[in-house]
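Inspection log for the structure reproduced underneath, given as C-alpha cells.
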Amino acid sequence: MAVNVPGLVAVLVFYVVILAIGIWAARKSKKVEKTCAGTKSEVTIVGGRNINVLVGVFTMTATWVGGGYIMGTAEAVYSPSQGLIWAMGPPAYLINFLLGGLFFAKPMRSKRYVTMLDPFQHRYGNMFTATLLLPALVSDILWVACILAALGGTMSIILGLSSALSIIISAAVSITYTFLGGLYSVAYTDIIQLCFIFVSLWLCIPFLILSPAVAEISHTVHLNQTIGNSWIGELKLADAGKWSDEMLLLALGGLAYQALYQRILSAASSAQAQVTCFAAAGTVFIMGIPSVVIGAVAASADWNQTAYGLPPPFERGEAGKILPLALHYLTPTWLSVLGIGSVAAAVMSSMDSVLLSSASMFTQNIYKATFRKQASERELQGVIRASVLLVGLAGTGLAFGDDSVFALWMVSGDLLYCVVFPQLICVLHLSSANSYGAITGYVVGLLLRGLSGEPLLGIPPVILYPGWREVDGVITQYFPFRTVAMLSSVICIISVSWLVKLGFCHQKIPQSWDLLGVFEEKKEAVGEEVPVPREEKNSILNTKF
C-alpha cells in the first residue's frame, strides 16, 4: 500500500501541535513549582492540587477515552459473536465514575494523599505497598500496549504507514511531553486531544451512514446483511456469567487505576474532586456513542461494494481494526485522515496518563519511601522521568502484536480488579483491616485469578468453573471467575483481619507470634497488658511518608 502523503503530513502537524502544547505546559509547571506550597515532585504528580474542575473533567475523560475504548467498542458492536450488548465500555465507565465520586473521591482527597498507594503505606507499611505496585505496573504496561496497538493498526490502514513506525513515533511524542511537564503537560494536551476526538468522530458519522455501501442501520438491527447476524447482539443465559464478569471488570476495575486518583487528588478540594467524577461520567458515555455507530455501520455495510471487497473484515480476522477500515473505505479520504487523528489523539491522551501514574507510584511509594528517604526534589524529578521512559518502552515493546484490541483492553484491568480493588475497598472503608488480612486477600485473589487461566497470554486454566468451553484447543471460562477472585479476596481480608485481631486482643494468640508487628502491648489502667492494633497508636507503620 502506498503512503498517503497528505494524510501523513496532516498527522505530523497534529503531533507537532500536541508536542508544542506539552512543552508550553511544562513551562507553566515550572512557574507553579516556584509559587506552590507543595514540593516539585508533588506539582509533577498532582499539579500542585490546583487543577480546576473544567480541566479536570477534560483530562479525566480523555484518559479513559483511549484507543482501547473507541476501537474496542466499535469492534464489539461489529463482531457477530458479540454486538452492542457486549460493548460494555460506555455504560461501565459511566458506573465507574459515579461510584468513584460517591465512595472514593472524598476519602482519598480529604486526606491529601499523593498517590493511590499512600493509604496502604500508612496502614500496612512499605513492604506490602511494594507488592501492590506490581499488578498496577503490569496493568499499566498492558494498557499502553493496547492503545499503541490500536494506533498502529489504524495508521497502517489509512496512511499506508508501517504499523511499527506509527507506534514508535506516537510513543516518542507521548513520552517526550510527559517526561518534560508531568501532570500539567498531560492535562493541557488532553483538552486539545479530547476536543479533536469529539469533533472528528462525530463529523465522520453522517458520511458513514449516508455511504452507498451501507444499508440503514435501523434495518439491520435484527439481521446483518453480510455476516448474517444482528449488530445489537444477543445475551444467552449460558453467556450471562461471562457478560456480568466483564461488565464488573470494567466498571469496578477502573476504580483501582492510579490515573483516576491522579485527577481526583489534583483537585483543589474534595467537593471539586467529586464534581469532576460526576461530570466525567456523562462525557465519557457521550464519547462512546460514535464508536457504537461506527460498529453498527460496519456491520450493515456491503463490503463487496467497496475497494475492500469480500470476505468481510470479520472473516479475515480484522474485526479489531474495524474502526479504521470503516473510516478508510466508507468515508472520503480527507475525513479518514481526521479519523486517524482522532485515534492518535485518543492514544496519546491515555498513554501519557498511564506513563505518569506508574512513574508517580514508583517514585512516591517505593523510591522515596524505601530506598532514598532523604532524596532531593531534583533527584525525585529524575526518577519520575526515568520511570516514564521505562514504562513507555516496555508498553511499546508489547504493542508489536496482532492481538485483539478489545482483549488487551480487558486483560489490562484483570489484576487490578482481582487483586488491588479489594484492597482499596478495605483500606478506605474498613478500619479493622490489618496486614494479615491484606496479605491473605492478596494471595487468594492472585492465586484464584492465575489458576483460572488466560487464553490471550497462553496460560491454561487449572480451575475449571461450571460452563467452560473448549474451542480449537483453547479453554474459555464462562463463569464469572474474576468476580469470584475479587469477592474471595474481600472476604479473606475482612475475616482474617477480624480473627487475628480477636486472637491477639483476647490473648488467644501469643504476642510473640505477631511477626509483622501489627499489634503491640498497651498498659491498661488496671496494669494488665492487652495487645491492640498498632494503627490505633501513632506508630512507625502509620507515619506519613
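Derivation of every value follows stated rules applied to the coordinates shown; laboratory data play no part. Remember, predicted model here, so these are calculated numbers, not experimental data. All Cβ positions, even for glycine, are placed from backbone atoms using ideal geometry, and neighbour counts span all protein chains on display.
Brief remarks follow.
- Between the C-alpha center of the range 168-189 and that of the range 62-116 there is a gap of 22 Å.
- For residue 51, the residues whose amide H sits under 5 Å from its own are 268, ignoring neighbours fewer than 5 places away on the same chain, with H placed 1.01 Å from N.
- Counting only DSSP H runs of at least 4 residues, each contributing -39500 (n - 2.57), and dividing by the residue count of the chain, the helix-based mean residue ellipticity at 222 nm comes to -21000 deg cm²/dmol.
- Mean Cβ count within 10 Å, highest first, over the residues of peptides 115-126, 48-59: 115-126, 48-59
- Cα radius of gyration and Dmax for the range 41-181 (Å): 18.2, 53
- Distant-in-sequence amide contacts of residue 454, defined by a placed amide H-H separation under 5 Å and a gap of 5 or more residues or a different chain, comprise 459.
- If you model the chain as an ellipsoid using its alpha carbon gyration tensor, with each semi-axis the square root of five times an eigenvalue, the axes come out at 43, 29, 18 Å, biggest first.
- Packing-based exposure ordering (other Cβ within 10 Å, fewest first) of 42, 318: 318, 42
- Electrostatic dipole magnitude of the range 142-287 [Cβ: Lys, Arg +1; Asp, Glu -1; Cα centre; debye, to 20]: 220 debye
- Other-chain or far-sequence residues with amide H under 5 Å of residue 519's (modelled H): 534
- Net charge dipole size for the chain [Lys, Arg +1 and Asp, Glu -1 on Cβ; Debye, nearest 20]: 1840 debye
- Convex hull (Cα only) mean projected area of the range 341-467, reported in nm² to one decimal: 11.7 nm²
- Taking a span of 27 Å or more along the helix axis (Cα atoms) and a mean Kyte-Doolittle hydropathy of at least 1.6 as the rule, the DSSP H helices of the chain that qualify are 126-158, 163-209, 481-505.
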